[in-house]
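Every read-out reported here was derived from the displayed coordinates using simple, explicitly stated rules and does not represent laboratory data. Keep in mind the model is a prediction, meaning the values are calculated, not measured. Using ideal geometry, Cβ is built from the backbone for each residue, glycine included, and neighbour counts are taken over all protein chains shown.
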Amino acid sequence: MSTCVEKLSHSCGSGDGLQVFEEDGNYTGYCFACGTYVSDPYEAGSPPPMVSVKSDADRLAELSDIRTGLSSMAVPSRSLSQESLDFYGVKVGVSQRDGETPEVLYFPYTNQHGELFRYKAKLLDPKKMWSVGLTGQPVQFFGWQQALATGARNLYITEGETDAIALLDIFRKKNAGTEYEKFTPAIVSIPNGAGNAANFISSHIDEITRRFKDVVLVFDQDQAGKDAAASVSRVLPGVKVAELPAKDANACLMEGRVKAAYSAVVFGANRPKNTRILYGSSLVEAAKKKPEMGLSWPWQGLTDATRGIRRGETIYFGAGVKMGKSEVVNAIAAHIITEHDLPVFLIKPEEAVTKTYQMLVGKVAGRIFHDPNIEFDEEAFDLASQKVGDKALIQDVYQFVDWDVLKQDIMYAVVSEGVKDVIIDPITCFTNQMSAAEANEHLVSLSAELSAMTKDHGFTAYIFCHLRAPTNGEPHERGGKVMSHQFAGSRAMMRSAHYMIGLEGNKDPELDMLERNQRRLVILEDREFGNSDIINLYWDYQTGQFNEMKNYEN
């Protein structure tokens, strides 16, 4: 969106009618006095003058001038009624030439507290947009406060502000003279167009689902609008999509297609199917592509056995109590961040977030930062923290996590933050207050849903769990073998996970330290290649690292 830089005189004789806009270092202008678009408001080859930065006080004064100095009025060129514009608090600037013709629409935007903090200004012809007021605050949907006040159960989301206003006019025209005449629908618009629709909506999912039962997307019918609707459908499961009889809601209103548009939005909107039927012949070229190794694991043996980390897969790890499960978690996260320069989303409800970060940074630094018996190496901590940067996303929860909440956070991290690696430790935090039967049923549903999410959105999920105690033989902490059936929700995970990997070891205090610190990653289930393998590790108590043992005899 453009920024208004300054006002200049124009050849038409106006002293300050030429308004200059800057976007990405390019300057254009529009003279409000004569209605002329100026592609180069400054002389060719000459740099623009030094522009003073407006203070917040200046911006608030401009905001107040629009709010109090302008009013709403009908916009015949867009078939928008004064009533609907006024409902949304839209202000209309008129032409300086005749003092009557609507020329600029000012759409109000509120922050998370419902406070007006800026207007999006839209020049009707030619199309030009800029911002007036404050910046740097999270923005709500256009019309969000009005939507909440309706008390409606359905939320309609358009691609642009004029479409939201037009859709309200469509409802009002269709319901005029009927029992629904006084009904006001909840209609909002995304603030920044189709390209950012999925990101914006994903960051507001909790607000939407708490307040509305059904959501209908009323996006433009061009390819960008259809692609945006498809992206939002993956972020917001259950959303419906309307197919309009014209390009957009405003076009429907202007072309007189009120009944058809109303029917398409209210009765014709459908949930898009998440399946695709393809002819085998269309897959020939893709299937001929030579298989490639995935991303490396922290241990070469695991990389070789699994052919690397691949997207769209779920990997399930199981370990006995205090066997080093969290050390494996942190080793994987640190490797992905430092070796592959990728962000990681860590969900560790059994750990305080500060300790989670300490442990992760410790793996990057090859130091131990959480043990008071070990001197804290501040320099090493700072250097490792710089490497981690913002690539570590940590969910701030403790002890209990609701799956419905977590999956929204996962989708936000994947869609909005570009995360491709999601680590949950442990999965049993979702079933702490359930009976065995309830827990198993919940894990069946959860694992299937998570597996579908990884496939649809192309990320990798790493799930860690505690194991059930062996029914006979040695306990896990004394060297007992890890078996697939000991995993929480084992049957569900066998169906949904691509790998099941156990962590074995013997912590018998009568053993020497070398033996006590040895661990084995055992591949129990491999859906992709049917492989079984053992990767031998040694935990170095001085560095806190799990190092691979090349010559360890079983």
Seminar exercise, completed: Along region 288-295, Karplus-curve 3J(HN,Hα) (6.51, -1.76, 1.60; θ = phi - 60°) to the nearest Hz, with x for Gly and Pro, reads 7, 5, 5, x, 10, 5, x, 5
Exercise. Simple spin-label model, 7 Å along Cα-to-Cβ: His442 to Ala469 in nm?
Worked result: 2.3 nm
Problem set entry | Loop-located trypsin sites (Lys or Arg not before Pro) in region 78-185 whose Cβ has at most 11 other Cβ within 10 Å (DSSP) | Lys127, Arg153, Lys182
Exercise. For the chain, with only Lys/Arg (+1) and Asp/Glu (-1) charged at the beta-carbon, what is the dipole magnitude about the Cα centre, in debye rounded to 20?
Worked result: 1860 debye
For this session: Run the quick spin-label model on Tyr279 and Phe183: label points 7 Å from Cα toward the beta carbon, then report their separation in nm to one decimal.
Result: 4.4 nm
Problem set entry | Cleavage-rule hits (GluC sites (Glu not before Pro)) in region 59-156: DSSP loop, at most 16 neighbouring Cβ within 10 angstrom | Glu100, Glu115
For this session: Using DSSP, restrict attention to beta bridges with both residues in the chain and report what percent are antiparallel, rounded to the nearest 5.
Result: 60 percent
For this session: With Cα Rg over 2.2 N^0.38 Å defined as stated, name the option among (1) 1.21; (2) 1.03; (3) 0.94 computed from the structure displayed.
Result: (1)
Problem set entry | Most positive-pole-ward Cα, Asn432, Ser296, Val419, against dipole of the chain from beta carbon charges | Asn432
Exercise. In whole percent, what relative contact order does region 140-274 give with Cα contacts below 8 Å and a gap of six or more residues?
Worked result: 28 percent
For this session: Calculate for the chain the 222 nm mean residue ellipticity that helices alone would give, adding -39,500 (n - 2.57) per DSSP H run of length 4 or more and normalising by residue count, nearest 500 deg cm²/dmol.
Result: -9500 deg cm²/dmol
Seminar exercise, completed: Cβ-Cβ cut-off under 14 Å around Leu155, Lys and Arg +1, Asp and Glu -1: the net charge is +2
Exercise. If you average the sequence gap of Cα pairs under 8 Å that are 6 or more apart and divide by the length of the chain, what percent do you get for the contact order?
Worked result: 10 percent
Exercise. Considering only DSSP beta bridges whose two residues both sit in region 140-274, what percent are antiparallel, to the nearest 5?
Worked result: 15 percent
Problem set entry | Potential lengthening between Asp512 and Lys226 on full extension [0.36 nm per residue; Cα-Cα distance subtracted] | 96.6 nm
For this session: Check each of the trypsin sites (Lys or Arg not before Pro) in region 314-387 and keep only those in coil by DSSP with at most 12 other C-beta atoms within 10 angstrom; list them in order.
Result: Lys322
